[in-house]
Amino acid sequence: MAGKSYPRLTPKQLRILTLIRDYQRKHGYSPTMQELADVLGVTKVTVFEHVSGLEKKGLLRRSRHRARSLELTGRVAFPDESSTALPLAGRIAAGKPIEAVEDNEIVDLGNMFRARSDTFVLQVSGDSMIEEHICDGDLVVVERRQTADNGETVVALLDNGDATLKKFYKEGGRIRLQPANAGLSSIHVDNVTIQGVVIGVLRDCR
């Protein structure tokens, strides 16, 4: 949620919080330390250590004198409850067929392009990059940079003020801006201003 910051969690701590949440939803009350230990395959002492750490982070509350007193606080943020989180159902081959494998992981699309001050998004107009699977109407995620390596797709500002999306190549003292479309010609210039390098493509397939 915007404006809030959440404590960092180890995988084990997140697992414990998730177990508590799911147990509460199913039974209407919290698990005991021993029940958590049995599910995790660890000792009750180990669970106690993790719970104590979560208490210090302000993510759990408990009573010293009640066995089922574990209570999640409002500071807990579960990745699988994010509006940008989708289940990773398995893996599918794009080449040779493979055995379908069911998975229980979560992919948070928001983490793929986490907002930073040096990242921005542009909408593509035209088909000069279709062989790189960048199509008209797509959104490109751009890392703001002033330099690029050969072969990277860049947002380039030409001397005449035009901006273009092309693959960058430095050849001797000149620069080649190469479209990814066999029907279009490359642009050769002496100078160009690199405004950023493409790090991702977003497409609305609805």
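Annotations
- Residue separation of residue 56 and residue 171 scaled by 0.36 nm, minus their Cα-Cα distance, works out to 35.7 nm of gained length.
- Among 162, 136, a tally of other beta-carbon atoms within 10 Å of each Cβ gives an order, fewest to most, of 162, 136.
- Residue 18-residue 146 FRET efficiency (beta carbon distance; Förster radius 35 Å; 0.05 resolution): 0.20
- Cβ-based charge dipole, segment 150-199, positive-most Cα from 163, 184, 173: 184
- Taking the average, over residues, of other Cβ atoms within 10 Å as the packing measure, peptides 36-48, 13-25, 62-74 rank 13-25, 36-48, 62-74 from highest down.
- Segment 151-171 residues near the modelled residue 190 label - backbone nitrogen below 17 Å, point 7 Å along Cα→Cβ: 158-161, 171
- Each label point was placed 7 Å from the Cα along the Cα-to-Cβ direction; for residue 71 and residue 132 their separation is 5.5 nm.
- Contour excess over end-to-end distance, with Cα ends at residue 27 and residue 163 and 0.36 nm allotted per residue: 43.1 nm
Each reported figure results from applying straightforward, stated rules to the coordinates on display, with no laboratory input. Values in this document were obtained by computation on a predicted structure and should not be read as measured data. As a convention, Cβ positions derive from the backbone with ideal geometry for all residues, glycine included, and neighbour counts pool all protein chains shown.
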